[in-house]
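Engineer: Pasting a structure here, questions to come.
Computed from the coordinates by the stated procedures, all read-outs in this text should not be read as laboratory data. Just so we're clear, the structure is a prediction, and the values are computed from it rather than from any experiment. All Cβ positions, even for glycine, are placed from backbone atoms using ideal geometry, and neighbour counts span all protein chains on display.
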């Protein structure tokens, strides 16, 4: 076993890193990417330093362990709401403040409006069909309206 480790060289680390990154494409999860990056770093450092196999494995372990907090920081920064499209995956929230025409009257607090190609249930004060209403609140697939 130690003979296998003693043959570790620069090219082995570089190939190992590329293989790990290629596996990331087949099984996405961003975990193998960081291990591949650690292997590539060990390979690049091995070009300059020519460390022993023990030091190479130690460097790989350190780089791989350091990748975890680095990934957590990168992932945390990317979870911020996109400023270019804040209503992405929040279609109902994008409707608040807009005015629509009732398709079916609001009777006993419930009616419908057609918005583009979708019919939405609305809640609000009783109003006849054809009335203009303003969306004042969105909660999931349920819209609350007031007369416009």
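Engineer: Rounded to the nearest 5, what is the percent of antiparallel bridges among the DSSP beta bridges in the chain? Don't jump to the answer; show the numbers that get you there.
Structural biologist: Details: 19 of 22 bridges.
Restricted to the chain, the bridges split so that about 85 percent are antiparallel.
Engineer: Can you give the angle from 0 to 90° between the axis of helix 53-78 and the longest principal axis of the chain, with both taken from C-alpha atoms, to the nearest 10?
Structural biologist: Orientation of helix 53-78: about 10 degrees from the principal axis.
Engineer: Now, a different point. Once label points are set 7 Å from the Cα along Cα→Cβ at both residue 65 and residue 44, what is their separation, rounded to one decimal in nm?
Structural biologist: It is 2.2 nm.
Engineer: Just to confirm the number: angle between the C-alpha axis of helix 10-26 and the first principal axis of the chain, 0 to 90 degrees, nearest 10?
Structural biologist: 20 degrees
Engineer: With r as the distance between the Cβ atoms of residue 26 and residue 76 and R0 = 22 Å, compute the FRET efficiency 1/(1 + (r/R0)^6) and round to 0.05.
Structural biologist: Numbers: r = 26 Å, r/R0 = 1.20.
The computed FRET efficiency comes out at 0.25.
Engineer: Please rank 18, 119, fewest neighbouring Cβ atoms within 10 Å first, as an exposure proxy. Please report the intermediate quantities before stating the final value.
Structural biologist: Numbers: 18 14, 119 11.
Final ranking by Cβ density, sparse to dense: 119, 18.
Engineer: Over all directions, how big on average is the projection of the convex hull of the alpha-carbon atoms in segment 91-147, in square nanometres? List each step's numbers first, then the result.
Structural biologist: On the way: hull surface 12.6 nm².
Reported value for the Cα convex hull: 3.1 nm².
Engineer: Now, a different point. Using 10 Å bins from zero, what percent of all Cα-Cα pairs in the chain falls into each bin?
Structural biologist: 11, 25, 14, 10, 11, 12, 10, 6, 1
Engineer: Just to be sure I understand the model, the point goes 7 Å from the Cα along the line to the Cβ. What's the resulting residue 112 to residue 91 distance in nm?
Structural biologist: About 1.5 nm separates the two model spin labels.
Engineer: Between helix 31-49 and the chain, what is the angle of the helix's C-alpha long axis to the longest principal axis, kept within 0 to 90° and rounded to the nearest 10?
Structural biologist: Approximately 30 degrees, to the nearest ten.
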